[in-house]
Amino acid sequence: MGSSYSTSEDVDSIRNEPSASHEENQMYYPRNSADAVESFNILRQKLPSELVLEILEFAEHWVLSAVYREDSLDYNENDCRDRIPYLTSEPIQGERFPVQEIKINIWSHDQGWSSYREDHGTFRNSWTWFDLGIERPPGRDDISKDEDLRLATNVHAGREAMNHQITYRRDHKHCWMESLQAGDRISIVPRARFPGWRNTVEKASIEVYTSPVL
């Protein structure tokens, strides 16, 4: 998958990581291209335009679009047949192929029990997980075909919510990410398979960072 989320069996180390959310992010990001242009014009009073552009890109002075939902919902296999998202981003801003980084946080757990005790507390044979959804305006190609878009898997028989942190960056060279355009949306899609398995989502957030139009 190439994301920053670890699928190792060291569950305790993941569970005890500090939770991340949009509220904890104290760094300033422009809300739209107009904010970025204002920063550019301020720096251009002292520096050449070419150098200002390099500085802003090095500082990752990207436009941030963030959405957040806190609403505990349970999904069983039947609920997941239509692949209804739990959370969907705002339409991507910018010009052609503007996405630089995507950060996703999910707080979730499964039903908290199973008959396979040897797999408890691991990711083995866990049948609740999340996929990345890509929603595009009519007429655009399906860029999710032949891609591994699994975001995260719940710990097998976990009673407590775990914070899954997933980061995609442009330099990871994901074909689907490099193909995202203005107007596309991404979403978090809960999944569950087999009777008795239940995916409980407590809250989630999506942050999309795009290059401003300068």
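The values are calculated or read from the model by the stated rules, or taken from the named source; none is laboratory data. Because the structure is a prediction, the values reported are computed rather than measured. Glycine also receives a Cβ, built like all others from the backbone with ideal geometry; neighbour counts cover every protein chain displayed. These area figures cover heavy atoms from the full protein model, side chains too; ligands, DNA and RNA do not enter into them. Shrake-Rupley method; radii C 1.70, N 1.55, O 1.52, S 1.80 Å.
Within the stretch 169-214, the only residue that satisfies the criterion of being closer than 21 Å to Pro85 by Cα, open to solvent by 60 Å² or more (accessible area, probe 1.4 Å), under 16 Å from the mean Cα position of the chain (by Cα) and among the basic types (Lys, Arg) is Arg185. Of a type in the set (Gly, Ala, Ser), modelled with pLDDT under 95 and at negative phi: is that true of Ser144 in this structure? Yes, satisfied.
Applying a threshold of 6 Å to beta carbon distances and a minimum spacing of six or more residues, or different chains, the list of pairs starting in the stretch 75-99 at a residue that is part of a helix (DSSP H, G or I) and ending at one that is open to solvent by less than 40 Å² (accessible area, probe 1.4 Å) and hydrophobic (A, V, I, L, M, F, W, C) reads Cys80/Ala192. Surrounded by fewer than 20 Cβ atoms within 10 Å (Cβ to Cβ) and touching a strand residue (DSSP E or B) at 6+ places or on another chain (Cβ under 7 Å): does that describe Leu149? Against the criterion (surrounded by fewer than 20 Cβ atoms within 10 Å (Cβ to Cβ) and touching a strand residue (DSSP E or B) at 6+ places or on another chain (Cβ under 7 Å)), Leu149 qualifies.
The residues on offer are Glu95, Glu118, Glu135, and the sole one that is among the charged types (D, E, K, R), surrounded by fewer than 17 Cβ atoms within 10 Å (Cβ to Cβ), at pLDDT 95 or above and closer than 30 Å to Pro30 by Cα is Glu135. Ser108 fulfils the conditions (1) buried (at least 19 other Cβ atoms within 10 Å of the Cβ); (2) hydroxyl-bearing (Ser, Thr, Tyr); (3) under 19 Å from Asp184 (Cβ atoms) except for a single criterion, (3).
Among the residues of the stretch 103-144, the ones that are closer than 19 Å to Cys80 by Cβ and among the charged types (D, E, K, R) come to 3 in all.
Of all residues in the stretch 150-176, those satisfying the criterion of being in contact with a helix residue (DSSP H, G or I) (Cβ under 7 Å, 6 or more places away or on another chain) and over 17 Å from Glu202 (Cβ atoms) are His156, Tyr168, Arg170. It is to be established whether one or more residues within the stretch 63-74 are open to solvent by less than 80 Å² (accessible area, probe 1.4 Å), in a loop (DSSP other than H, G, I, E, B) and either modelled with pLDDT of 75 or more or farther than 25 Å from Thr167 by Cβ (or both). Scanning the stretch 63-74, I find no residue that is open to solvent by less than 80 Å² (accessible area, probe 1.4 Å), in a loop (DSSP other than H, G, I, E, B) and either modelled with pLDDT of 75 or more or farther than 25 Å from Thr167 by Cβ (or both), so the answer is no.
Residues that are in a strand (DSSP E or B), farther than 14 Å from Glu90 by Cα and of a type in the set (D, E, K, R) within the stretch 169-206 comprise Arg169, Arg191, Glu202, Lys203, listed in sequence order.
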